Amino acid sequence: LSFIWPVKGPVTSWFGSREGQPHDGIDISAPKGTPVLAAEKGKVIYSDNGISGYGNLIIIQHSGGFHTVYGHNLRNRVDVDERVNKWQVIAEVGNTGRTSGYHLHFEMRKKERAVDPMDYLP
């Protein structure tokens, strides 16, 4: 698998500990409505707003035990069980959920464990 950046912009919060709390992804600042791209091909296993703090959230399952997570979306543009291609627009940048401005919260998980996206992004 070769993941791509889901949105272009400055990283405003890194993976690791933030104010003593785990931060399981990176926050990428981008203007409201910026298209969010699937970082790799896969199957949408979640597209809703029922997980506290994440707002409108999408989770995509990939081969090799990987999942990518896209949070705080203005609008989700894919549905559960939909197959998506790398580079496909899946959402728009928003500030839904617990957020301090417009950005994408992007997580990567390998076999359920959060990993630093910077280890996988070009």
(request) Would you be so kind as to identify which of HIS103, THR68, VAL115 lies farthest towards the positive end of the dipole of the range 14-122, taking Lys and Arg as +1 and Asp and Glu as -1 on Cβ and the Cα centre as origin? (result) THR68
(message) Using the basic label-point model (7 angstrom from Cα toward the beta carbon), what is the ILE51 to ASP119 distance in nanometres?
(response) 1.9 nm
(request) Taking the Cα centre of the chain as origin, sum charge times position over the Cβ atoms of Lys and Arg (+1) and Asp and Glu (-1), and report the length of that vector in debye to the nearest 20. (result) 180 debye
(request) State, in angstrom, two size descriptors of the chain derived from its alpha carbons: Rg to one decimal place and Dmax to the nearest whole number. (result) 12.8, 37
(request) At 1.4 Å probe size, with no ligands or nucleic acids counted, give the accessible surface of PHE106 in Å², nearest ten. (result) 0 Å²
(message) Explain nothing, just compute: Karplus ³J(HN,Hα) = 6.51 cos²θ - 1.76 cosθ + 1.60, θ = phi - 60°, for every residue of the range 27-42 in order, whole Hz, x for Gly and Pro.
(response) 10, 10, 6, 7, x, 3, x, 4, x, 9, 9, 5, 6, 6, 5, x
(message) With every protein chain left in place and a probe of 1.4 Å, what is the accessible surface of SER52, to the nearest 10 Å²?
(response) 90 Å²
(message) Accessible area per residue for the chain in Å², computed with a 1.4 Å probe and the full protein assembly in place, what is it?
(response) 52 Å²
(request) Measure off, as a whole percent, the carbon and sulfur share of the 1.4 Å-probe accessible area of the range 18-122, all protein chains present. (result) 46 percent
(message) Heavy atoms of the protein only, probe of 1.4 Å, neighbouring chains included. What is the accessible area of VAL11 in Å², nearest 10?
(response) 30 Å²
(message) Could you order the peptides 91-101, 66-76, 38-48 from most to least packed, using the average number of other C-beta atoms within 10 Å per residue?
(response) 66-76, 38-48, 91-101
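The values are calculated or read from the model by the stated rules, or taken from the named source; none is laboratory data. Treat the numbers as computed from the prediction; the structure is a model and nothing was measured. Every residue, glycine as well, gets a Cβ built from its backbone with ideal geometry; the counts of neighbours run over all protein chains shown. All accessible areas refer to the heavy atoms of the entire protein, side chains included, with ligands and DNA or RNA removed. Shrake-Rupley method; radii C 1.70, N 1.55, O 1.52, S 1.80 Å.
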